[in-house]
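Here's the structure, in structure tokens; my notes come after.
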Amino acid sequence: MKLSRRTVLQGASALPFAVASLRTSALAQSTPQASPAEVPPILFVHGDSDYDALWMTTLWRMQSNGIARERMLAINFTNPKARDDDRVEQPNRSSTEDQRRELAAAIAELKRRTGAPRVALVGSSRGGYAIRNVIKNGGAGDVSHAVLCGTPNHGVFAIDDLLGSEFNGRGAFLRGLNAGESEVTPGTAFLTLRSDGMDKYAQADGRFIGMPGVPTNVTAEGPELKGATNLVLGTLDHREVAFHPRAFREIYKFIAGREPDRIAITPESSVKLSGLVTGTPGGVPTNRPVEGALLEVFRLDPVSGERQGAALYGAKTTADGRWGPVQADPAWPLEFVLTSPDAPTTHIYRSPFLRSSDVVHLRAARPLGPPDAGAGAVLIMSRPRGYFGLPRDIVLFDGKEPADVKPGVPTDSAATLRLSAAEAGRNVVVQFNEERIVARTWPAAENRIAIAELTS
């Protein structure tokens, strides 16, 4: 069967949200410090179409266990989306060699910054390809540990069509990585983490990746590697095997050689936030900075979702796309209002930030399009660190389970609510398990769109 050329893996991108009681600064500062000699510096590698901010809660959990922020780095690949054919250039997309080169540079930078001879690498989904590629092609001496979370090591599909796709288990890229009796490179310790049947990219049926009726020749065991330590994390989904607290425990144990002291995030008494604004040229998500974007940050009432006072922050980005810092309290929900060139004004609603972060990565919402025609307001419920699993999870959008989230194997990380013009301006409650966000809807006629972005 001849299939149209397309990218069939999109982004890796959960954790039952740890809403721990806020603790005093003395408690936060009493977090036991792990010895730098005990734990190598750690570099986190995101997946297809993603960005460094997905590792925010993992960074917080590492810090809560004494790993200094300065000994960790989360990469932002310039063009995180894969090419349809790895050998053919596409605007704003990357090849496997592009990612290998950028990751090698990030490894060198983390070694320079810390003075360590080797670093540990942790990758989600496609990020594991870059990790394996850099280790196999001369980087093994720089890498002590490699943790691959949901990486489709034997392909998202393994068929005789689309052989140029890096996600094809029969293509040149994966055949090269998997050649040999052992599928891992000697000298580096490898761990794979996978789901027990709930990973949309490790399914025998092609319907989950837009290939209905096509056998993928891939099973739930696809992420495993001969020669690695291979762990199954139960019914976690494709992204959760990287970002869930259960995944954190295994990542920490493998790198540090012992159980973490705590799984929950230890809050700070005051938090400082900063990050990056990026864009989607031609509709392709990139990590290229956006200049001239206006960002405003507001404190919200945790019950009503209404703004509390004047903006905490307001400024335009310069050429580097950076924003901040802004000081906040770990009990405050926040609204980020992003006015970016050639994009809708985007109102992003977030749960309280329990700790400081310099990876609060912001992208404007997608343009209002034909599906939004006639809507007075559009609100998106987004879960970057996992998918919505029904009936596995509690997922309520304005008091109802969202109609555009399919039950069974979790495949959807976003749901959309469209309201009439008469309802524009009212607040909507978004509930995912224990995490609750109150978001206001805004008039679509003013080219505004709202996103309730979940932390868990």
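The values are calculated or read from the model by the stated rules, or taken from the named source; none is laboratory data. On a predicted model such as this, the values are computed, not experimentally measured, just so you know. So basically every Cβ, Gly included, is an ideal-geometry build from the backbone, and we count neighbours across all protein chains shown. Ligands, DNA and RNA are excluded from the accessible area calculation, which covers all protein heavy atoms including side chains. Shrake-Rupley method; radii C 1.70, N 1.55, O 1.52, S 1.80 Å.
Send over the per residue convex hull volume for the chain, Cα only, as a whole number of Å³. Could you put the intermediate results ahead of the total?
On the way: hull volume 62.6 nm³, N = 456.
Enclosed volume per residue, from the Cα hull, is 137 Å³.
How long are the three semi-axes of the equivalent ellipsoid for region 289-355, computed from the Cα gyration tensor as the root of 5 times each eigenvalue, in whole Å, largest first? Before the final figure, lay out each step's value.
Numbers: eigenvalues 100, 34, 18 Å².
So the three semi-axes of region 289-355 are 22, 13, 9 Å.
Roughly how many debye, to the nearest 20, is the charge dipole of the chain about its Cα centre, given +1 on each Lys and Arg Cβ, -1 on each Asp and Glu Cβ, and no other charges?
On the way: 52 positive and 50 negative charges, 97 e Å.
Charge dipole, the chain, about its Cα centre: 460 debye, nearest 20.
Can you find, among Ala445, Thr114, Thr219, the residue farthest towards the positive end of the dipole of the chain? Put +1 on the C-beta of Lys and Arg, -1 on that of Asp and Glu.
Of the candidates, Thr114 comes out farthest on the positive side.
In straight Cα distance, which aspartates and glutamates are under 18 Å from Lys406, not counting same-chain residues fewer than 8 positions off?
Asp199, Asp205, Asp237, Glu240, Asp393, Asp398
How much accessible area per residue does region 303-388 have, in Å², with a 1.4 Å probe? Don't skip to the end; give the middle numbers.
Details: 3130 Å² over 86 residues.
Averaged over the residues of region 303-388, the accessible area is 36 Å².
Between Ala319 and Glu109, what is the label-point separation in nm under the 7 Å Cα-to-beta-carbon projection?
1.7 nm
Can you give me the orientation-averaged projected area of the convex hull built on the Cα atoms of region 253-304, in nm²? Working shown, then result.
Numbers: hull surface 31.8 nm².
That works out to 8.0 nm².
Over all Cα pairs of region 338-456, how is the pair count split among 10 Å bins, expressed in % and running from 0 up to the last occupied bin?
The percentages, shortest bin first, are 13, 45, 34, 8, 0.
Sorted by accessible area with a 1.4 angstrom probe, largest first, how do Asp52, Asp205, Asp160, Asp342 fall? Write out the running numbers ahead of the final one.
Numbers: Asp52 15, Asp205 60, Asp160 120, Asp342 160 Å².
Listed by decreasing accessible area, they come as Asp342, Asp160, Asp205, Asp52.
Of all alpha-carbon pairs in region 65-203, indicate the percentage at a distance above 24 angstrom. Can you show the working numbers first?
Working: 2938 of 9591 pairs.
Result: 31 percent of Cα pairs exceed 24 Å.
Using alpha-carbon positions, what is the distance between the centroids of region 73-104 and region 322-391, in Å?
Centre-to-centre (Cα) distance: 25 Å.
In Å, what Kirkwood hydrodynamic radius results for region 118-188 from the alpha-carbon pair distances? Provide the component values of the computation, followed by the final result.
On the way: mean 1/r = 0.0809 Å⁻¹.
It works out to 12.4 Å.
Please give the contour-minus-distance gain from Ser420 to Ala220: 0.36 nm per residue of separation, less the Cα-Cα distance, rounded to one decimal in nm.
On the way: separation 200, 0.36 × 200 = 72.00 nm, distance 4.26 nm.
Full-extension gain reported as 67.7 nm.
So what are the ³J(HN,Hα) numbers for region 305-315, from phi and the Karplus equation (6.51, -1.76, 1.60; θ = phi - 60°), rounded to whole Hz, Gly and Pro as x?
So the J values, rounded to whole Hz, are x, 7, 5, 10, x, 6, 4, 6, 7, x, 6.
Residue-wise, which Karplus ³J(HN,Hα) couplings in Hz belong to region 137-151, taking 6.51 cos²θ - 1.76 cosθ + 1.60, θ = phi - 60°, and x for glycine or proline?
10, x, x, 4, x, 9, 10, 7, 9, 10, 10, 10, 9, x, 5
Computing the accessible area with a 1.4 Å probe over protein heavy atoms, can you report the carbon and sulfur percentage for the chain? Write down the numbers at each step before the final one.
Details: 8910 of 17210 Å².
After summing per-atom areas, the C and S share lands at 52 percent.
In the calculated pair distance distribution of region 261-395, what percentage of Cα-Cα distances lie above 27 Å? Could you put the intermediate results ahead of the total?
Values: 2400 of 9045 pairs.
Within region 261-395, distances greater than 27 Å cover 27 percent of Cα pairs.
Once amide H atoms are placed 1.01 Å from N in the peptide plane, what residues at a sequence separation of 5 or more from Trp323, or on another chain, have their amide H within under 5 Å of its amide H?
Here Gly275, Leu276, Val277 satisfy the definition.
Give me the lysines in straight-line cross-link reach of Lys316: C-alpha distance below 26 Å, same-chain residues under 8 apart excluded.
Lys272
Within region 116-150, name every residue whose backbone N is under 12 Å away from a label modeled 7 Å from Cα of Ala68 along the Cβ vector.
116
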